[in-house]
C-alpha cells in the first residue's frame with residue numbers, strides 16, 4: 001500500500017453534499033445530530049441511508065445523546081451508530097433555524 005492520503009470531502013469538486021439534522025431513538029438513548037447526504041439523487045434522503053443494506057453503521061456529527069431514563073445529555077462532535085439499534089428516526093429542526 002502506498003503512502004497516499006485519502007482526499008478530504010472538499011477535494012471532490014463534482015460531489016455536492018448537504019446536511020440534515022435528524023433525531024434517532026434507540027432502546028436506551030435519544031440521539032440528535034447532523035447527517036451528511038448527497039445533494040441530489042442516490043443517497044440524498046435520510047431514508048436512503050437508513051435503509052442501505054450494505055451499511056451497518058451511520059455517522060452523525062454535532063451529536064447530543066440523552067438517556068431515555070433521564071440523566072445529563074452528552075455532547076459529541078462525531079458518533080457512529082449501528083443501524084440495528086435504531087428504533088425510529090425523524091427529521092430534526094432545520095439547520096437554518098439555528
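The values are calculated or read from the model by the stated rules, or taken from the named source; none is laboratory data. As the structure is a prediction and not an experimental result, all values here were calculated from the model. Cβ atoms come from the backbone with ideal geometry, glycine included; neighbour counts cover every protein chain shown.
Structure summary
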| item | result |
| --- | --- |
| Filtered residues of the range 20-41 (kept if loosely packed, with under 14 Cβ neighbours inside 10 Å and over 18 Å from residue 71 (Cα atoms)) | 39, 40, 41 |
| Sole residue being under 14 Å from residue 26 (Cα atoms) and exposed (fewer than 13 other Cβ atoms within 10 Å of the Cβ), chosen from 86, 68 | 68 |
| Only one of 36, 59, 26 that is in contact with a helix residue (DSSP H, G or I) (Cβ under 6 Å, 6 or more places away or on another chain) and modelled with pLDDT of 85 or more | 26 |
